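The structure that follows is given in the form of structure tokens.
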């Protein structure tokens, strides 16, 4: 299943790579989020065997993924973004890893295009500050051995999923239009006792290009304000819905420190309105958040301390540019991780 939004020539290459990937795929579905670049017509023209679902409005990644999952009638579903090309043999290796280890989700090693020598990620961990920390992020392939194993999460660019388990867990949270939907998805499944496996011998290639206008950031030009709002809002939703009360209480000092740093960064970058909107959303939706907390609590079987991890707080590449900013990040990391090590035993 491919989710497309103005993928242009890239989505055509993604579908072609799937068709050439071998016999592991029984059906290819493309869910299009109201593209206006002509890519829908091109898919239908070039790939008549592909099942195409064209949505009338852009409903976001989570809704499109759930629509695709509901349409499929197979035990395993391969999810791809419109700019991720599967490598030779990668689908078969992911399926073999699923058969052997029986996780809910298998993720591959993701490398960048055109910088094919750079690893974007080998799965991810769930940072206690409420973000995804990418494993082996932006390292040279030659210096990064292919080590497969269980991980706590993965970015949503490419996932092989046990379709029934994922649907039973609620699929992707449709309150997340874009960004951190993969964080919430991974945390929810891990707290339910489901497992993620990274098969690093299965490689796919992420052509980031310019990304989605007004949302993507490639380390240059200005950081989009809408992206800032969505990441701040969605991080808060994830924490407030899934962290136990004891976890929130124990981590309150460092979570407040993070919010102070976020406020200062927002003031510096011109995002104060977005920062306020992210918090306003939480206050306006307290009843919804409370109901979602109850539902999450009823299905969880794993403690927060068993899935959350520490480490350098992850930031988008290119967001920290000066020596002073780097020094601040280092001091901040040492402070919050020291607190984490001292208090982890009391986390809920």
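Could you give the length gained on full extension between residue 101 and residue 137, defined as 0.36 nm per residue of separation minus the Cα-Cα distance, in nm?
10.5 nm
Oh, and also: Classify the stretch 16-123 as rounded, prolate or oblate, taking a ≥ b ≥ c as the square roots of the eigenvalues of its Cα gyration tensor: rounded when a/c is under 1.5, otherwise prolate if a/b is larger than b/c and oblate if not. Could the numbers behind the result be given before it?
Details: a/c = 1.60, a/b = 1.36, b/c = 1.18.
Prolate.
Between the helical axis of 90-101 and the dominant principal axis of the chain, each derived from Cα atoms, what acute angle in degrees is found, rounded to the nearest 10?
Once rounded, the angle reads 60 degrees.
How high is the relative contact order of the stretch 225-346, in percent, counting Cα pairs under 8 Å that sit 6 or more residues apart? Working shown, then result.
Numbers: 62 pairs, mean separation 45.9, N = 122.
Answer for the stretch 225-346 is 38 percent.
To continue, here is another question. As an exercise, find the ratio Rg/Rh for the stretch 112-207 from alpha-carbon atoms, using the Kirkwood inverse-distance average for Rh. Write out the running numbers ahead of the final one.
On the way: Rg = 13.7 Å, Rh = 14.1 Å.
That ratio equals 0.97.
Quick one: if the Förster radius is 22 Å, what FRET efficiency do residue 54 and residue 115 give, using the C-beta to C-beta distance and rounding to 0.05?
Details: r = 33 Å, r/R0 = 1.48.
After rounding, the FRET efficiency stands at 0.10.
Between residue 257 and residue 222, what FRET efficiency follows from the Cβ-Cβ distance if R0 is 22 Å, with the result rounded to 0.05?
Numbers: r = 26 Å, r/R0 = 1.18.
Efficiency, rounded to the nearest 0.05: 0.25.
Enumerate the residues in the stretch 60-80 having an amide nitrogen under 18 Å from the point lying 7 Å beyond the Cα of residue 277 toward its Cβ.
60-61
Could you sort the peptides 336-345, 151-160 by per-residue average Cβ neighbour count (10 Å cutoff), highest mean leading?
Working: 336-345: 15.1, 151-160: 24.1.
Descending mean neighbour count gives 151-160, 336-345.
So what is Rg over Rh here for the chain, counting just Cα atoms and using Kirkwood for Rh?
Working: Rg = 19.7 Å, Rh = 20.8 Å.
Value, to two decimals: 0.95.
Between residue 290 and residue 245, 0.36 nm times their residue separation minus their Cα-Cα distance comes to what?
Numbers: separation 45, 0.36 × 45 = 16.20 nm, distance 1.18 nm.
My answer for the length gained is 15.0 nm.
How would you classify the stretch 225-346 from its alpha-carbon gyration tensor, with a ≥ b ≥ c the square roots of the eigenvalues: rounded for a/c under 1.5, else prolate if a/b is greater than b/c, otherwise oblate?
Working: a/c = 2.31, a/b = 1.22, b/c = 1.89.
Oblate, since a/c reaches 1.5 and b/c is not below a/b.
Could you state the angle between the C-alpha long axis of helix 61-71 and the longest principal axis of the C-alpha atoms of the chain, as a value from 0 to 90 degrees rounded to the nearest 10?
Rounded to the nearest ten degrees, it is 40.
Taking the chain as the reference, fit the longest principal axis to its C-alpha atoms, fit the long axis of helix 323-343 to the helix C-alpha atoms, and give the angle between the two in degrees, 0 to 90, nearest 10.
The angle comes out near 80 degrees.
Could you please tell me the mean projected area of the C-alpha convex hull for the stretch 2-207, averaged over all directions and given in square nanometres to one decimal? Show your work: numbers first, answer last.
Numbers: hull surface 43.0 nm².
Averaging across all directions leaves 10.8 nm² for the Cα convex hull.
Values in this text are rule-based calculations from the coordinates and carry no lab data. Keep in mind the model is a prediction, meaning the values are calculated, not measured. As a convention, Cβ positions derive from the backbone with ideal geometry for all residues, glycine included, and neighbour counts pool all protein chains shown.
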